[in-house]
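Remarks on the structure that follows.
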Amino acid sequence: MKKLLTVLLLLGVISVYPQNNYKYPIPSYHLSGKYGYSDTSMKVLIAPRYKEVNFFYDGRAAVKEVNKYGYINTKGSMIIFAEWDYAGNFRDGIAVVGKKSGNSIMMYQYIDTTGKLITDTKYEKAEMFYEGAGVAMRSGKYYIVNKSGKEITEGYDEISFFREGLAQVKSGGKWGYINPNGEVVIAPQYDVVWNFYNGYAWVTNKNQTGLIDKTGKLVEEFIYRDEYPTTGLQYKIVYENGKSTVTRRDDGKQLFTASVKVTRYLQDDIFEYTDPDKNLFGVINSAGKIITQPLYKQFWPVTGKFIAGKRNEFWGLLDYTGKELIPFDNYSLNNSQAGPFFVTKKDAKLYCQYNPKTGKLSSRCLNALEFIFDNTPPEGFVFGYSNGTKLAVDREGRIYESNDFSYLAELSHDELSNISLNTRTGENKKFRIESYEGYPFTDFVYDSVGYTYDVIIVVKRDGKYGYFSKKGMKEVIPCVYDGADDFDWGLAPVKKGNKWGFINEEGKVVFDFKYDSATPFHGGDAVVTIDGKKFEMKTDGSMIEILPIGVPSDPWKPNPDFGENTLTQSLSIEYYYIMDSPYSKPGSNPTFSELDSPEVINFSANKVTSRYYSLTVQSSGVVNQGGKTSYIYNFEKTSGNTTYTQCIVQDDYNTAAFFTVHGGVVIYRR
């Protein structure tokens with residue numbers, strides 16, 4: 001059986017699109033339950049607010065907000081609106097994006113770095129750009145698309161991705177190669193072809209395989225081959241009369257000779273050789289020095305200055321001198337751009353990374369590794385999974401999972417409100433506060449915890465009240481109060497002894513403890529009581545006494561003052577009852593009596609009139625009083641009006657009209 005000794009079989013040893021010296025923020029999972037970006041110390045650089053994130057390419061990264069993908073810049077600003085069901089990495093200033101059609105079939109297009117479509121054509125498949133060209137498929141045919149969005153080739157049966165400036169194309173059942181300009185470089189003539197590596201590629205016709213260069217010239221004849229490695233094709237290896245000679249293909253210069261059978265190039269200056277009698281392998285360097293004896297069943301190229309080998313059915317790791325770094329007791333090897341991972345006997349289902357700094361396998365292992373061609377991480381990184389969570393890992397063993405909450409101080413109130421928190425009960429029957437994913441921010445210390453959607457949350461510990469804040473995820477106001485309520489408009493009512501006062505978000509007392517009761521500043525107004533009297537209190541501390549049925553303490557001062565007439569509707573309402581009011585007949589326990597004929601009251605933008613009066617409106621508007629909508633008309637004091645100060649109408653004018661006067665009210669009811 002033929003063997004294609006390609007690193008791709010072992011999951012991504014060679015990156016198709018390597019990117020050195022990555023200098024951008026790194027995708028990281030945050031213990032708040034969202035994804036963001038951090039540096040290598042796990043300090044948050046871009047706040048975790050996303051369901052999914054990717055690495056930056058061309059200064060842009062694809063992120064998923066809610067259920068759609070968009071692109072952010074390195075400062076975390078959304079520069080391409082999140083409207084896509086798929087978003088690939090940018091390459092050469094172009095990215096693949098996709099949207100699902102009505103039948104849930106994904107259709108792909110290309111955009112530039114501004115988010116503008118470079119073509120209106122939609123494709124069933126589309127590959128990222130490489131060397132200025134992309135590969136896309138529509139109606140069963142493949143095309144090369146340039147950066148202007150133009151299809152520059154005829155439709156081929158298949159086109160692979162570009163590598164070393166050439167892509168495989170299939171036409172009429174045969175394979176050849178084209179360049180990014182769509183020009184045919186090697187005409188379709190082969191049954192099977194492979195990508196170019198180091199300037200050479202294997203091609204097959206009639207079950208025989210030869211090696212060609214980029215001009216199509218045959219450099220190794222067509223013969224039946226059991227193996228054809230895809231690494232080290234720049235070297236020619238000849239074994240004759242018990243001696244191997246290794247030369248460079250480009251200039252014919254001899255690299256070394258050795259009295260062993262050299263089988264293939266591995267990596268750097270390391271080659272593999274074999275003992276044909278035992279069918280075992282060893283390694284030799286480019287100086288012809290034997291590094292290991294032929295004791296191994298297999299070697300495989302890996303990232304870093306290491307040699308991965310298999311001995312007695314188990315994998316291990318050597319350095320370039322042959323010293324054993326990792327014992328040969330691992331079930332399998334998986335290489336990545338972040339280095340080799342091993343599945344050990346101890347953790348038979350986990351992938352443990354070799355850490356060159358410690359010389360050991362990592363103590364924290366992953367459940368799976370991810371290798372996705374379209375979104376390949378930059379060189380030095382790989383994505384893996386731990387208990388279902390996708391994590392970035394670098395070659396120094398750092399797993400990008402951050403518990404840095406200092407970034408919260410920079411978030412807006414709305415962003416903080418959107419951070420989900422949970423509570424959990426401990427064996428001591430106390431509560432703790434934790435992230436949505438279960439990361440604890442406190443111990444089990446609280447008797448009760450308020451609404452966790454608030455930014456500053458009321459907590460009770462040992463019978464006393466305080467506050468926990470999402471800014472820093474900690475208790476910010478100690479539990480020292482006898483009562484507490486929610487923050488609103490930057491203030492919260494707290495109780496000390498039998499009296500209530502108000503504190504700000506820093507815990508400083510703003511209004512002293514003198515109120516018998518107090519509510520939060522919902523809508524900017526709080527309700528407080530002092531000696532049995534009820535007041536409406538503003539955030540500046542000013543108060544207006546709340547009199548029965550909304551009678552203002554200063555009858556000629558608009559309460560509230562809307563500044564203009566905002567009620568512009570014109571209505572005529574019939575009322576059938578009138579209260580025997582303090583105005584018409586002063587006294588207690590007033591009752592309603594039926595009118596001899598309905599009283600018609602006309603409401604307009606500037607006037608409120610009836611058969612008895614015509615009142616000029618100074619200002620008008622809508623307020624919510626006790627859960628009811630009230631329409632309020634404030635009247636001008638004119639020579640024709642020395643009595644009526646205000647009219648309050650409730651329930652869309654259908655229940656009652658309250659006319660306030662000096663000393664009381666007149667109430668009409670339907």
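What the table below lists for this structure:
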item: For residue 184, solvent-accessible area (1.4 Å; no DNA, RNA or ligand), Å²; result: 80
item: Solvent-accessible area, 1.4 Å probe, carbon plus sulfur percent, for the chain; result: 47
item: Protection proxy ranking of 570-578, 309-317, 271-279 - average other beta-carbon atoms within 10 Å, highest first; result: 309-317, 271-279, 570-578
item: Largest-first ordering by accessible area, 1.4 Å probe, given options 295, 211; result: 295, 211
item: Cα-based reach from residue 141 at 16 Å (exclusive), listing lysines while leaving out same-chain residues under 8 positions away; result: 122, 125, 150, 170, 174
item: Helix-derived mean residue ellipticity, 222 nm - over the chain, DSSP H n ≥ 4, -39500 (n - 2.57), to 500; result: 0 deg cm²/dmol
item: Dipole-positive endmost among 592, 457, 178 within the chain (Cβ charges, Cα centre); result: 178
item: Cα gyration tensor shape for region 88-192, rounded if a/c is under 1.5, else prolate or oblate; result: oblate
item: Residue 247 - accessible surface, heavy atoms, 1.4 Å probe, Å² rounded to 10; result: 30
item: Per residue value of the accessible surface for the chain (all protein chains in place, 1.4 Å probe), Å²; result: 48
item: Candidate lysines for bridging to residue 495, where Cα separation is under 20 Å - those fewer than 8 sequence places away on the same chain excluded; result: 460, 464, 508, 514, 533, 534, 538
item: Whichever aspartates and glutamates have a C-alpha closer than 15 Å to that of residue 236, once near sequence neighbours (fewer than 8 apart) are set aside; result: 213, 220, 221, 227, 250, 251, 269, 272
item: 100, 470, reordered so the largest accessible area comes first (probe 1.4 Å); result: 100, 470
item: Which of 233, 45 is most accessible, then next, and so on - probe 1.4 Å; result: 45, 233
item: Size of charge dipole - region 115-237 - debye, nearest 20, with Cβ of Lys, Arg +1 and Asp, Glu -1, no other charges; result: 260
item: Shape of region 335-378, Cα gyration tensor, a/c cut at 1.5; result: oblate
item: Charge sum, other residues only, whose C-beta stays under 13 Å from residue 365's C-beta, Lys/Arg counted +1 and Asp/Glu -1; result: +4
item: Gyration tensor verdict on region 98-154 (Cα atoms; rounded if a/c is under 1.5, prolate if a/b is larger than b/c, oblate otherwise); result: oblate
item: Surface accessible to a 1.4 Å probe, residue 603 within the full protein complex, Å²; result: 0
item: Label of the coordinate-derived value, P(r) over Cα pairs in 20 Å bins from 0, in percent, listed as (i) 19, 57, 24, 1; (ii) 14, 30, 25, 16, 11, 4, 0; (iii) 17, 39, 24, 14, 5, 1; result: (ii)
item: Summed side-chain charge close to residue 186 - residues other than residue 186 whose Cβ falls under 12 Å, Lys, Arg +1, Asp, Glu -1; result: +1
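The values are calculated or read from the model by the stated rules, or taken from the named source; none is laboratory data. Computed from a predicted model, the values in this text were never measured in an experiment. Every residue, glycine as well, gets a Cβ built from its backbone with ideal geometry; the counts of neighbours run over all protein chains shown. What goes into the accessible areas is simple: the full protein's heavy atoms, side chains included, and nothing from ligands, DNA or RNA. Shrake-Rupley method; radii C 1.70, N 1.55, O 1.52, S 1.80 Å.
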